[in-house]
Amino acid sequence: MSVGGRRPYWMLAAFVALMLAPGGYALTAMTAVAVATVLIRTGRALARRRAGAGRAAASEIVLGADRARRKVALSDIQLSAHGLILGASGSGKSTTLLRILTEQIRRGHPVVALDMKGSPRFVHELATAAAAAGRPFRLWTPDGPGQWNPLGHGNATELKDKLIATERFTEPHYQRAAGRYVQTVLQVLQDAHPGQPPTLQEVVGLMDPRRLPSVAGAVSGPLAERVRDYLAGLTPDQHSAIRGLATRLAILTESHTGQYLSGVAAAGPAIDLRQALSGEEVVLFSLNASRYGKLAAQLGTLVIQDLVSAAGQRIEDATAGPGDLRMAFIGLDEFSALGADHMVALFARGREAGISGLAATQELVDLDRAAPGLRDQILGNTAVKIFHR
């Protein structure tokens, strides 16, 4: 029982004692009791205020101080609605992003980061924070040795959309032709090897229509018949669209990075973004866009697509409702090199999935350069804006 529950009894006893006391003593005693009561109530109010302030401070992330030396802090509520961090090179935007991410690691939230600069400091800070919190740290770079299969989850339609979205098509009919073929390849692979996710290498290997029948012969009757009829009716334009997508995907699989996209790890588990957004692993994709250019952009777009898919699955899995999801955090450094549509989709899907997106780039003009209208969409989808000078 709390102290507040006994207050009426001791006050009643005090009142009886006062009534029996001589007049002068009674007045003095009553005054003392009144003052004591006020002091007790004031003390309790201050204690409650301090406790509330302590809880608020514990949920804040202090980023620094302003010119008046007042602390600059972000609350969990503010961070839950996405954030944009801007600043020129060397202004401290990556430091701010790392401050937020490392604190969320310490608090036990799922954290996934994509660093398009390939900064060793980014790796060190997140790895150190994960180790201090007793959490596994997974790193993926184009140079290995970490493994990640971007096709590890999803049905043929989902995976087709993921691959098509990583490329640009000048003509819609070429996109539809390439999309139909790669979807057929994925259906054949999933039917031939049930329970085993396809890999990018397997898909590229069957992007030649002459090779697909050798695998299609091992699948179920209706699918095999449909594949034969489909291949027999391919037009020259459709063959051209298929070859175009095959070439673009082969750039990934035939590069030195291709061996790290199978999801088969020699030592330790491969990266799984669906698990990472609900588990203990801290995941970092470190892609050096200055060194690898277009390859890094292509890989980064695949990462974003995998995150969008994982966010969608996270919504479906949350049978208790999004309000009961453990907040996850995704950090994106120098994200303007990635596709505009994918970024907007991640921010839009992430909010419902209980995912906070924190994106850092140098200038707003970088967003204008990436795609028309991207700046307005990112500004509209982020509740917190942090500008560095």
Backbone HN-Hα couplings from phi across the stretch 193-210 [Karplus 6.51/-1.76/1.60, Hz, Gly and Pro as x]: 10, x, x, 10, x, x, 10, 4, 4, 5, 4, 4, x, 9, 6, 8, x, 6
Can you list the lysines whose alpha carbon is less than 22 Å from that of Lys71, not counting same-chain residues fewer than 8 positions off? Lys93, Lys385
If you wrap the stretch 156-253's Cα atoms in a convex hull and average its projection over all directions, what's the area in nm²? 5.8 nm²
Can you work out the Karplus-derived ³J(HN,Hα) for every residue in the stretch 303-308? Use 6.51 cos²θ - 1.76 cosθ + 1.60 with θ = phi - 60°, whole Hz, and x for glycine or proline. 4, 4, 4, 5, 5, 4
Candidate lysines - alpha carbon under 24 Å from Lys162, same-chain residues fewer than 8 apart omitted: Lys117, Lys294
For the stretch 372-389, Karplus-derived ³J(HN,Hα) couplings (6.51, -1.76, 1.60; θ = phi - 60°; whole Hz; x for glycine and proline) come out as x, x, 5, 4, 5, 5, 5, 4, x, 9, 10, 8, 10, 10, 10, 10, 10, 10
Counting other beta carbons within 10 Å of each Cβ, put Val72, Val215, Val112 in order, fewest first. Val72, Val215, Val112
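Each value in this text was obtained by applying a stated rule to the coordinates, not by laboratory testing. In this text the structure is predicted, and so the values were computed from the model without any measurement. All Cβ positions, even for glycine, are placed from backbone atoms using ideal geometry, and neighbour counts span all protein chains on display.
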